[in-house]
Amino acid sequence: MNDNLITYNDSKHQVSESYRMLRTNLHYLNINKRYKTIVVTSSNPGEGKTTTLANLALTISQTGKRVLIVECDLRKPRVHKMFNVSNTKGIVNVIVERVPVQDVIQKVKELPNMEIMTAGPIPPDSTELLESKVMKELIVNLRETYDTILFDTPPICSVTDAAILSSQVDGVILVVASGETNIESVRLARKLLDKIHANILGVVLSKADMSKNSKYYYQYYQYDNQTEIKKKSMHH
Ligand SMILES: Nc1ncnc2c1ncn2[C@@H]1O[C@H](COP(=O)(O)OP(=O)(O)O)[C@@H](O)[C@H]1O
Ligand SMILES: [Mg+2]
């Protein structure tokens with residue numbers, strides 16, 4: 001598995017614990033209303049969308065829920081690299097050639113409850129595909145089979161793909177890279193999401209410095225040395 005899949009490679013790491021907290025938060029949001037289909041996006045490239053999505057998907061699947069990742073960053077698909085699966089066929093084949101979904105959905109050997117629909121060949125106009133009727137029908141059909149479906153997207157401030165998709169799902173998670181994303185980009189992302197009445201479930205702060213002296217270092221139990229329980233401010 002890819003190094004960025006920390007929840008698989010080191011499930012006791014503090015970061016993996018943060019993903020479990022995120023899973024728990026989503027679970028509580030879900031009590032009154034079902035958020036089955038969720039878009040993960042961010043203002044800019046490289047903020048950690050794919051990393052966040054992959055680790056969150058894995059963490060949710062560990063509770064026994066059936067999880068599907070759908071790669072909708074059709075411009076720079078990376079999900080297949082996170083899980084070392086092939087990207088020869090994917091959602092593009094489903095939308096353009098009407099290939100049956102079962103033919104493109106891949107299972108991950110090590111992760112029994114997780115499945116992945118990669119992108120497939122890079123299309124000339126990804127926006128057109130994502131706003132097609134076939135895409136809408138696909139989302140409706142996938143809802144029948146999976147408990148949670150997470151959609152990876154391109155950055156929302158660069159292209160409209162993420163906004164289009166966000167209007168078709170139950171909720172959106174906005175990834176913001178700590179110390180990297182400027183406030184104006186976050187505001188623009190918010191504005192774009194509000195415009196299409198997207199349901200922003202929350203913001204995930206990625207790349208936060210979690211070393212002991214940082215403000216993001218928060219209360220947690222260390223597994224190896226349980227005598228130490230640190231408590232600091234919880235801005236996270
Ligand atoms: N939470 C994080 N903490 C530290 N580095 C991260 C985090 N999330 C992502 N990265 C790093 O940032 C880079 C971009 O991540 P990626 O998930 O591909 O971003 P995006 O999908 O938004 O373009 C990668 O090199 C990854 O290792
Ligand atoms: Mg990405």
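No lab work stands behind these numbers, since they all come straight from the coordinates. Keep in mind the model is a prediction, meaning the values are calculated, not measured. Because the Cβ atoms are built from the backbone with ideal geometry, glycine has one as well, and the counts that use them run over all protein chains shown.
Points worth noting:
- ³J(HN,Hα) computed for each position of segment 119-126 - Karplus, 6.51 cos²θ - 1.76 cosθ + 1.60, integer Hz, glycine/proline x: 7, x, x, 5, x, x, 9, 5
- Close amide-amide hydrogen proximity is noted between S42 and I156, V175, each under 5 Å apart and 5 or more residues distant or on a separate chain (H modeled in the peptide plane; Pro and chain starts excluded).
- Look at S158, S11, S166, S86 and count the other Cβ atoms within 10 Å of each Cβ; fewest to most, that gives S86, S158, S11, S166.
- For the chain, the longest principal axis of the alpha carbon atoms and the long axis of helix 49-61 meet at an angle near 80°.
- Dipole of segment 29-230, positive end: most advanced residue of T127, S86, T41 [Cβ charges, Cα centre]: T41
- Segment T88-I139, length gained on full extension (0.36 nm per residue, minus Cα span): 16.2 nm
- Computed from backbone phi with θ = phi - 60° and the Karplus coefficients 6.51, -1.76 and 1.60, the 3J(HN,Hα) list for segment 39-45 is 8, 10, 9, 7, 5, 10, x Hz; x is used for glycine and proline.
- For the chain, the Cβ-based charge dipole about the Cα centre amounts to some 600 debye (Lys, Arg positive; Asp, Glu negative; other atoms uncharged).
- Kirkwood-type radius of the chain, with distances r between different C-alpha atoms, in Å: 18.2 Å
- Relative to the dominant Cα principal axis of the chain, helix 14-29 is inclined by about 60°.
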